[in-house]
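See structure below.
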Amino acid sequence: MNTVLLFFVASCLLVSNGDMTISRCELAKILHQEDLDGFEGYSLNDWLCLAFVESNFNISKVHENADGSFDYGIFQINSHYWCNDYQSHSENFCHMDCRDILDPRLISAIKCAKKIVTGLGGMKNWAKWKLHCLGRTLSYWMTGCQLG
Ligand SMILES: *[C@@H]1O[C@H](CO)[C@@H](O)[C@H](O)[C@H]1NC(C)=O
């Protein structure tokens, strides 16, 4: 029973790799499980605001920048610095393939986001977070979400 259910969930995740969004509260739950509340001083509200302004919770979002680099996934992680997409030069500071950042389990996306936020500037590394989330009232992002 459990195995069947697990397989069903897994196959849903695998099949719909092309266009995948996650709900706000589902994302909150995953971020909580990955110990992101309070990580480097940022709350789950900050992470939710970040995911919203960067991708509108679209796990499979890929966006091309003017300089020819690409931004990947729910946190729009940039290929010039953080991951390698084999299209242009990358510092690849997260030591990962950009495609892994699009994985719906969010393991690579979160791992790389943690690395980014640990560095100088923290979440200010995301221009949209700085513009739309920094210093704002963010408490409503968790409205109605259960973490347990
Ligand atoms: C999510 O991103 C993908 C890739 O950029 C895009 O094709 C898709 O339309 C987006 N989905 C939504 C719901 O915006």
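The values are calculated or read from the model by the stated rules, or taken from the named source; none is laboratory data. Keep in mind it's a predicted model, so treat the numbers as computed, not measured. Virtual Cβ from ideal backbone geometry, glycine too; neighbours counted across all protein chains shown. For the accessible areas, the whole protein counts, side chains as well, though only heavy atoms, and no ligand, DNA or RNA atoms are used. Shrake-Rupley method; radii C 1.70, N 1.55, O 1.52, S 1.80 Å.
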Computed label-point distance, nm, for sites Y86 and N56 using a 7 Å Cα→Cβ extension: 3.1 nm
Residue of R136, R99, R24 that the Gaussian network model of the chain assigns the largest fluctuation, springs spanning Cα pairs under 10 Å: R136
Percent of Cα-Cα distances greater than 12 Å, calculated over the stretch 91-130: 61 percent
Solvent-accessible surface (1.4 angstrom probe) belonging to T143, in square angstrom, nearest 10: 90 Å²
Positive-pole candidate from H63, M96, G122, dipole of the stretch 56-131, charges at beta carbon: G122
The chain: most fluctuating residue of Y86, Y72, Y42 per GNM, C-alpha cutoff 10 Å: Y86
Where labels lie 7 Å past Cα in the beta-carbon direction, separation of L120 and D19 in nm: 4.2 nm
For the stretch 32-56 and the stretch 82-128, distance of Cα centres in Å: 15 Å
Sulfur and carbon atoms: percent of accessible area, the chain [1.4 Å]: 56 percent
Violating pairs (Cα-Cα greater than 18 angstrom) within the set K29/K114; K29/K115; K29/K130: K29/K115; K29/K130
Fully extended contour minus Cα-Cα distance, from R105 to Q33, at 0.36 nm per residue: 24.7 nm
Accessible surface ranking that places the most exposed of S69, S43, S23 first, with a 1.4 angstrom probe: S23, S43, S69
Global form of the stretch 22-142, assessed from the alpha-carbon gyration tensor, a/c cut-off 1.5: prolate
Estimated 222 nm signal from helices in the chain, with DSSP H stretches of n ≥ 4 weighted -39500 (n - 2.57), rounded to 500: -11500 deg cm²/dmol
Accessible surface ranking that places the most exposed of K128, K111, K61 first, with a 1.4 angstrom probe: K111, K128, K61
Whole-number accessible area per residue in Å² for the chain, which is evaluated in the context of all protein chains at 1.4 Å: 57 Å²
Residue-level accessible surface for H89, protein heavy atoms, 1.4 Å, Å²: 110 Å²
Hypothetical label at K130: residues of the stretch 95-118 whose amide nitrogen lies under 14 Å (7 Å Cα-Cβ projection): 117
